[in-house]
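The values are calculated or read from the model by the stated rules, or taken from the named source; none is laboratory data. Because the structure is a prediction, the values reported are computed rather than measured. Neighbour counts run over all protein chains shown; Cβ positions are idealised from the backbone, glycine included. We work out accessible area using only protein heavy atoms, side chains counted, and drop any ligands, DNA or RNA first. Shrake-Rupley method; radii C 1.70, N 1.55, O 1.52, S 1.80 Å.
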Amino acid sequence: DHLAGETVQTVIDGTAGDNNVTLNASLGMPLAFDGGAGNDTLTLGPGVSQSFDTDASAMSASLNLIVDATATATFNTAQHLGSLTVNGSAASAAGGSNTIVTKALSISGFLDLNNNILIVDYETASPIGTWNGSSYDGLTGMIASGRDGGAWDGNGLRSSNAASSSGLSTLGIGESAEVLQLSSGQTATFAGQTVDDTAVLIKYTYAGDANLDGRINGDDYFALDGHVNQNGSVFGWANGDFNSDGRLNGDDY
């Protein structure tokens with residue numbers, strides 16, 4: 001029994017070391033993981049559908065979450081993960097405050113950010129991605145794949161909110177050092193989260209919001225105007241390639 005209004009969830013209690021837990025059945029209630037100081041891994045097994053109403057790693061030093069190819073994860077609040085692997089499907093519930101912060105991201109299925117933010121706080125090489133001559137790779141490629149020409153139904157990073165906006169909104173992407181003008185070792189706040197100069201920021205925003213400030217103004221036009229004469233040699237959202245086709249041209253304006 002529980003009191004009316006009381007939050008009811010299952011808590012997995014781990015040991016002080018590294019824990020590896022596979023959930024093989026849907027619980028029918030939210031889940032949290034108490035892993036202590038270890039480097040823990042939680043896997044949602046085949047067919048499992050699981051929601052998270054609190055930060056799944058709030059009681060773990062580092063929690064890696066793996067979503068099986070036929071599993072589903074729903075994040076109803078902000079998450080801070082060591083790594084997130086989505087081979088099936090996952091979604092941040094719409095609302096704008098359900099930010100996902102992770103040190104590494106791998107997606108072969110899809111992650112629907114709706115109208116939320118994703119921060120990939122990398123430690124070595126940036127995963128933002130580059131133009132390989134025919135498409136983007138890395139995180140930029142995940143957005144292009146999920147966008148699927150504007151249908152937002154592909155594998156990768158999706159936004160159901162963008163899908164219903166008639167092209168007015170999308171997922172923008174940028175390096176924290178550039179977006180927040182950070183020097184090496186500096187930190188700043190983005191979406192209520194402290195980030196350093198080695199993070200990739202992905203935000204649901206207006207199509208054309210080059211600097212991810214939630215507005216379309218002269219700064220954004222300058223980003224495109226200042227690089228359009230370099231079409232074919234510079235690439236990426238921050239330089240004005242807002243439709244991820246590898247070109248800076250009238251389509252981006």
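Listing for the model above:
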{"read-out": "Rg over Rh [alpha-carbon atoms, Kirkwood Rh] for the chain", "value": "1.00"}
{"read-out": "Point-charge dipole on Cβ atoms (K/R +1, D/E -1) for region 145-221, about Cα centre, debye to 20", "value": "260 debye"}
{"read-out": "For region 14-46 and region 111-178, distance of Cα centres in Å", "value": "28 Å"}
{"read-out": "Positive minus negative residues near THR10 (Lys, Arg vs Asp, Glu; Cβ under 13 Å)", "value": "-3"}
{"read-out": "Solvent-accessible ranking of TYR221, TYR204, TYR136, largest area first, probe 1.4 Å", "value": "TYR221, TYR204, TYR136"}
{"read-out": "Simple spin-label estimate for THR22 and GLU123 in nanometres, 7 Å along Cα-Cβ", "value": "2.6 nm"}
{"read-out": "Choice from VAL86, VAL200, VAL11 showing the highest fluctuation, given a GNM over the chain with Cα pairs closer than 10 Å", "value": "VAL11"}
{"read-out": "Distance (nanometres) between label positions extended 7 Å along Cα→Cβ at THR194 and SER166", "value": "4.4 nm"}
{"read-out": "Heavy-atom accessible surface of the chain: percent carbon and sulfur, 1.4 Å", "value": "47 percent"}
{"read-out": "Charged-residue dipole, Cβ positions (Lys, Arg, Asp, Glu), region 89-156 about Cα centre, Debye nearest 20", "value": "40 debye"}
{"read-out": "Per-residue ³J(HN,Hα) for region 173-189, Karplus 6.51 cos²θ - 1.76 cosθ + 1.60, θ = phi - 60°, Hz, x for Gly and Pro", "value": "9, x, 6, 4, 4, 7, 5, 9, 6, 9, 8, 4, x, 7, 10, 7, 9"}
{"read-out": "Evaluated over region 1-122, the Cα radius of gyration and Dmax, each in Å", "value": "13.5, 43"}
{"read-out": "Percentage of interatomic Cα-Cα distances in region 125-171 larger than 17 Å", "value": "33 percent"}
{"read-out": "Lys/Arg +1, Asp/Glu -1 at C-beta; the chain dipole; positive extreme among ASN116, MET142, PHE33", "value": "MET142"}
{"read-out": "Residue-normalised accessible area of region 88-159, expressed per residue, 1.4 Å probe, Å²", "value": "37 Å²"}
{"read-out": "Sum of -39500 (n - 2.57) over DSSP H runs of 4+, divided by residues of the chain (222 nm, nearest 500)", "value": "-2500 deg cm²/dmol"}
{"read-out": "Modelled FRET efficiency - R0 30 Å, ALA69 with ASP153, Cβ distances, 0.05 increments", "value": "0.95"}
{"read-out": "Antiparallel content of DSSP bridges confined to the chain, in %, to 5", "value": "25 percent"}
{"read-out": "In order through region 246-253: 3J(HN,Hα) via Karplus (6.51 cos²θ - 1.76 cosθ + 1.60), integer Hz, x for Gly, Pro", "value": "x, 10, 10, 8, x, 4, 6, 5"}
{"read-out": "Listed residues PRO127, ASN155, THR194: farthest to the positive end of the dipole of region 116-194 (Cβ charges)", "value": "ASN155"}
{"read-out": "Cα-centred dipole magnitude for the chain, charges only on beta-carbon of K, R (+1) and D, E (-1), debye, nearest 20", "value": "300 debye"}
{"read-out": "Degrees, to the nearest 10: 138-147 long Cα axis against longest axis of the chain", "value": "90 degrees"}
